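The values are calculated or read from the model by the stated rules, or taken from the named source; none is laboratory data. It should be emphasised that the depicted structure is a prediction, and the values quoted were computed from it without experimental measurement. Virtual Cβ from ideal backbone geometry, glycine too; neighbours counted across all protein chains shown. Please note that ligands, DNA and RNA were not included when accessible areas were found on the heavy atoms of the full protein model with its side chains. Shrake-Rupley method; radii C 1.70, N 1.55, O 1.52, S 1.80 Å.
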Amino acid sequence: MHKLHVDIETFSSVDIGKAGAYRYAQSEDFEILLLAYAVDDNPVIVVDLTNDSGQDRLLYRHFLALLDNPQYQLWAHNAAFEWYCLSRWLNRNPFSWADRWKCTMINALYLAYPPSLGELGKALALPEDKQKDKVGKQLINYFCKPCKATKVNGGRRRNYPHHDPEKWKLFIEYNRQDVESERAIEELLSVFPVPDSIWAEWHSDIRMNAYGTRVDKAMMDGALIIDKAAADALMTESRKLTGLENPKSVQQLSGWIAEQTGERPETLRKEAVEAMVEDQNLPLKVRRVLELRLMMSQTSSKKYDAMERAIGEGDRVRGMLQFYGASRTGRWAGRIVQLQNLKRTHLESLDEARQVCRDGDYDLMQLLWGDVPDALGQLVRTALIPSEGCVFVDADFSAIEARVVAWLAGEEWVLDVFRTTGKIYEATAASMFGVPMETIAKGKPNYELRQRGKVATLALGYQGGSAALKAMGALKMGIPEDDLPDIKRRWRQTNRCIVRLWDLCNRAALTVIKTGRAIKVRELLIFRLEEGNGLKFMTIQLPSGRKLFYPKPGVGTNRFGEESVTFWGISSRNNSSKKWQQLETYGGSIVENCVQAIARDCLAVNLKRLEAAGHRVVFHVHDEVIIDSPNDCLPDIIEIMSQPIEWAPGLPLNADGWVGEYFTKD
């Protein structure tokens, strides 16, 4: 099998960063400008598709012959882009040849390295000539995007090669360099190959992303109209109350608050503003202005903007999930509409609210639901609808992480609850507080303990304490802050096997890094040190056989003066920085990675089962699948998702779901 490495440079008037690759390639003015390719170790060839020379035509025909030859395995960095763009350019059915592609970006993500070609080259310390050309961004902005019409450029809105031949020559070399870089990366990472099962999952993923999800366009359009009216009304009221030109300005608003209260706020971040709104000692007018600020700062309505930019053929949004987007677990990440952080739908008369939204009736929405930005935010998910003639069939694993962590740790009493009543919050509270479980029911004296059992189950499985309980909403549930340490203590006493697992994983990781000796943890996790091509990882083999990778592992000292595991990666806590840096981990965090990774593998198994049974999954969120179906097949879906998994004997799985005409979650 030969390898054909491919990289293309393209033009489209659609902003790929905001609309995604699929809408970008569907633009009427989309075209491929340059096409670079290389066979195995042979020199890179660049075809200038803007040039009608005989040489370029000959090279293009040669490339197409290789493309059609099944003896050639197709490689690219972010190959889903090349695959879909070439499918559009060549008028091919994208689903017919997806399985022939492989992707160096997926290989990098599998090994917990950065996805971008430039950042990946730096992280791998590739020689400068093998790294992505830094001038490339300027060239892409010049040739691949529309330009602003000016007197200097003659009023044109696009730059062609003849407008700057020297830049075009540089762009050709940049295209060539991309193939050199991705080929060097593929060779370097080849000693840690992506398993065939993961490639199969990726192929299914890109097909799902290319199929996309239908959007209720009338509702989206109406929401944008209402959002504009709401923003104007909120700004008008805020200006009237404050007399400020721009009440959204932190500096201006902080000064106004200082004038009203005699004290300038330290910050106007969301959490601080929420606390100030609840402060009964603040003047009523100040609290109202802060309420308006919270409403103006809500971001959920921006998701309608994202839909509008990305909506393409068939009123569908494509590319909303990133395969292996969470590098430490392999879970999918959200893109464009960001499905993972949609608001829940608590609105009464949801059908009526959707119709008011479709009508673009701001006044009625304001009258019926008051906080218009919040109402629009709740309605975002309901703008995702099934294909014509279909319904959504939605199924969700029940308490998957609580089940997996108990199974991984051997916490048998928890597993017994899931195998019988399934009432884990009640059972946890009963164990923590030593009361009969039947007394933790509505109308019974100990029912208030259920909230404590719930928040403890959700927050404490990964070595967290009071901060984790707060983050999970303990204070909003009415639990006094002074009670949080006691909840932590009681939960840990009740779940000693899980607590023991944290320590085992921390000790295993430290020992492996120090000695290089492989260590098993409960026969389910295998910690190893693996090296090759100058790369070094601590790996954890999961029950599914898949591995988690921790690049450049080491032993450091944590803030408590104790030994800690270090590795290199991108911080999940400060994802906006995208900085490749040394990070620190500990037993509870390692357990969290493993649990979420196993939950991810359970989902992957079931995505394969559902596809094999003929069900079309249009998207999934965490541990929830959403299926386009011509009929109510929910019993079949639940049966499939509740079946045992071969590599997880004894793990009790269960699922629940609903059938409807739009996406929702209460």
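Results, tabulated for the structure shown:
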quantity: Cα extents of segment 182-289 along the three principal axes, largest first (Å); calculated: 65, 40, 26
quantity: The chain: relative contact order in percent, alpha carbon pairs under 8 Å with at least 6 residues between; calculated: 14
quantity: Tail beyond 39 Å, pair distance distribution of the chain (Cα, percent); calculated: 42
quantity: P(r) tail fraction, segment 453-506 - alpha-carbon pairs more than 19 Å apart, %; calculated: 23
quantity: log₁₀ of I(q)/I(0) at q = 0.11, 0.13, 0.16, 0.23 Å⁻¹ - segment 1-87, Debye sum with one point per alpha carbon; calculated: -0.32, -0.44, -0.66, -1.17
quantity: Residues whose placed amide H lies under 5 Å from that of S564, excluding near-sequence neighbours; calculated: G556, T557, N558
quantity: Solution diffusion estimate, µm²/s, Stokes-Einstein, segment 374-494, Kirkwood Rh from C-alpha pairs, 37 °C, viscosity 0.692 mPa s; calculated: 202
quantity: Rg followed by Dmax, in Å, when segment 611-666 is reduced to its Cα trace; calculated: 12.2, 36
quantity: Accessible surface ranking that places the most exposed of F560, F192 first, with a 1.4 angstrom probe; calculated: F560, F192
quantity: Bins of 10 Å, starting at 0 and running to the largest distance - Cα pair percent for segment 68-183; calculated: 12, 33, 33, 19, 4, 0
quantity: 1.4 Å probe accessible area per residue over segment 266-421, in Å²; calculated: 43
quantity: Average accessible area per residue (Å²) across segment 189-251 - probe 1.4 Å, nucleic acids and ligands excluded; calculated: 44
quantity: Length-normalised contact order for segment 1-49 - Cα pairs under 8 Å, 6+ apart - percent; calculated: 41
quantity: Descending principal axes extents, segment 538-602, alpha-carbon based, whole Å; calculated: 35, 28, 19
quantity: Formal net charge of residues neighbouring A200 (Cβ-Cβ distance under 14 Å; K, R +1; D, E -1); calculated: 0
quantity: Under 5 Å, built H, 5+ apart or other chain: amide partners of I385; calculated: R214, V215, D216
quantity: Karplus 3J(HN,Hα) series, Hz, for segment 284-293 with 6.51 cos²θ - 1.76 cosθ + 1.60 (x for Gly, Pro); calculated: 4, 5, 5, 5, 5, 4, 5, 4, 4, 4
quantity: Inverse mean reciprocal Cα-Cα distance (Kirkwood Rh) of segment 339-420, Å; calculated: 16.0
quantity: Per residue accessible area of segment 16-118, 1.4 Å probe, in Å²; calculated: 40
quantity: Rounded accessible area of M1 (nearest 10 Å², 1.4 Å probe); calculated: 150
quantity: 25 °C / 0.890 mPa s Stokes-Einstein diffusion coefficient of segment 517-635, Kirkwood radius on C-alpha pairs, µm²/s; calculated: 144
quantity: Carbon/sulfur fraction of accessible area - the chain, other protein chains in place, 1.4 Å, %; calculated: 48
quantity: GluC sites (Glu not before Pro), loop per DSSP, at most 14 other Cβ atoms within 10 Å - longest free stretch of the chain; calculated: 29-244
quantity: Environment charge at G657 (Cβ cut-off 9 Å; Lys +1, Arg +1, Asp -1, Glu -1); calculated: -4
quantity: Largest-first ellipsoid semi-axes for segment 264-394, taking √(5λ) over the Cα gyration tensor eigenvalues, angstrom; calculated: 32, 22, 12
quantity: Interchain or long-range residues, amide H under 5 Å from Q643's placed H; calculated: none
quantity: Heavy-atom SASA rank of K228, K343 (probe 1.4 Å, accessible area, largest first); calculated: K228, K343
quantity: All-pairs Cα distance distribution in segment 52-96, expressed in whole percent, bin size 10 Å; calculated: 23, 53, 23, 1
quantity: Estimated vicinal HN-Hα couplings, Hz - segment 200-206 in sequence order (Karplus 6.51, -1.76, 1.60; Gly, Pro = x); calculated: 4, 5, 5, 4, 5, 5, 5
quantity: Using alpha carbons only: equivalent-ellipsoid semi-axes of segment 441-553, gyration tensor based, whole Å; calculated: 38, 14, 12
quantity: Reference-scaled alpha-carbon Rg (2.2 N^0.38 Å with N residues) for segment 117-268; calculated: 1.74
quantity: Segment 100-183: chymotrypsin sites (Phe, Trp or Tyr not before Pro) in DSSP loop, at most 13 other beta carbons within 10 Å; calculated: none
quantity: Phi to ³J(HN,Hα) by Karplus 6.51 cos²θ - 1.76 cosθ + 1.60 over segment 353-366, Hz, x for Gly, Pro; calculated: 4, 5, 5, 4, 5, 4, 7, x, 9, 5, 4, 5, 5, 5
